[in-house]
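The values are calculated or read from the model by the stated rules, or taken from the named source; none is laboratory data. Remember, it's a predicted structure, so these values are computed and weren't measured experimentally. Glycine also receives a Cβ, built like all others from the backbone with ideal geometry; neighbour counts cover every protein chain displayed. Heads up: the accessible areas ignore ligands, DNA and RNA and are worked out on the full protein's heavy atoms, side chains in. Shrake-Rupley method; radii C 1.70, N 1.55, O 1.52, S 1.80 Å.
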Amino acid sequence: MDMKILITSGGTTEAIDSVRGITNHSTGKLGKRIAETFVAKGHHVTLVTTKQALKPKASNLLTIEVIDNVASLEQILKILVPKHDVMIHAMAVSDYTPVYMADLEEVKQTDIDTLLHTKNQETKISSRSEYQVLFLKKTPKIISLVKQWYPGIKLIGFKLLVAVSQEELLAVARESLVKNQADLIVANDLSQISGETHPAFFVKANSVTKAATKEDIAQLLYNEVITND
């Protein structure tokens, strides 16, 4: 059966001004591999990714949508999610977006609430000051919105932590599984990822499966989607 697969990959960037931004470091290599696996098996794939991320070769089964920040990601996914059978959300999404950048002296002399409702007017914020304070605002958790947009979609999320115990990693993955009504969470630890080596746990409500490489992850995801369709 030909399935419509929605995949996100790469890392979003939140602009501070026209030349600076806060970026999540993600090459998009894993998302690329996952997309290639489904395309090779004859499934239609929509890959939502970023300009800098690695991308598969062109195919009549592949559609690529390029976004930059969380706002543009939310906007396009709200449209795409209801049109797909499966979503594999592997993108590194920014947790915060800049609100206002101010000179330290301005911060000392101004009410914080006022600063939080102020926007920078400059195209490029001046770098004359020795110290600047950057105010950030939490972005929406995109994965938490997916089932609101389309309750029937099969949702696979990713959880990345750094240098934690296996117990903590699995606990956080299980929490995400329940909180976001996901069907599967792929949990991994950045400190253990290097090149093709990519240890990960496939966490479901009643089982945990381990993968060792990016190829393992892509193949296991394919098997999970097709076997449980």
List pairs: first in segment 3-14 and closer than 12 Å to Ser94 by Cα, second surrounded by fewer than 24 Cβ atoms within 10 Å (Cβ to Cβ) and charged (D, E, K, R), Cβ under 6 Å, 6+ apart or cross-chain? Thr13/Asp68
Which numbered condition trips up Gln75, out of (1) closer than 30 Å to Lys41 by Cβ; (2) of a type in the set (S, T, N, Q); (3) in contact with a Pro (Cβ under 9 Å, 6 or more places away or on another chain)? (3)
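Each row is one residue, and each column tells you yes or no for (1) open to solvent by less than 60 Å² (accessible area, probe 1.4 Å); (2) basic (Lys, Arg); (3) assigned to a helix (DSSP H, G or I).
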{"residue": "Val99", "(1), (2), (3)": "yes, no, no"}
{"residue": "Glu105", "(1), (2), (3)": "no, no, yes"}
{"residue": "Lys119", "(1), (2), (3)": "no, yes, no"}
{"residue": "Glu122", "(1), (2), (3)": "no, no, no"}
{"residue": "Phe135", "(1), (2), (3)": "yes, no, no"}
{"residue": "Lys147", "(1), (2), (3)": "yes, yes, yes"}
{"residue": "Gly157", "(1), (2), (3)": "yes, no, no"}
On the given criteria, is Thr139 touching a strand residue (DSSP E or B) at 6+ places or on another chain (Cβ under 6 Å) and among the hydroxyl-bearing types (Ser, Thr, Tyr)? yes
Out of (1) open to solvent by less than 60 Å² (accessible area, probe 1.4 Å); (2) of a type outside the set (Lys, Arg); (3) modelled with pLDDT of 95 or more; (4) more than 27 Å from Asn188 (Cα to Cα), what's the single condition that is false for Ile79? (1)
Does Ser72 count as within 20 Å of Phe158 (Cβ to Cβ), in contact with a helix residue (DSSP H, G or I) (Cβ under 6 Å, 6 or more places away or on another chain) and either open to solvent by less than 60 Å² (accessible area, probe 1.4 Å) or touching a residue at least 40 places away in the same chain (Cβ under 8 Å) (or both)? no
Could you check, for segment 174-184, whether at least one of its residues is free of Cβ contacts under 8 Å to residues at least 40 places away in the same chain, assigned to a helix (DSSP H, G or I) and over 27 Å from Lys4 (Cβ atoms)? yes
Hits in segment 1-16 (condition: over 12 Å from the mean Cα position of the chain (by Cα) and either among the hydroxyl-bearing types (Ser, Thr, Tyr) or open to solvent by less than 20 Å² (accessible area, probe 1.4 Å) (or both)): Met3, Ile5, Leu6, Glu14
If a residue must be in a helix (DSSP H, G or I), open to solvent by 30 Å² or more (accessible area, probe 1.4 Å) and not acidic (Asp, Glu), how many such residues does segment 205-229 contain? 6
Working carefully through the options Leu61, Leu54, Leu47, find the one that is among the aliphatic types (A, V, I, L, M) and farther than 21 Å from Thr213 by Cβ. Leu61
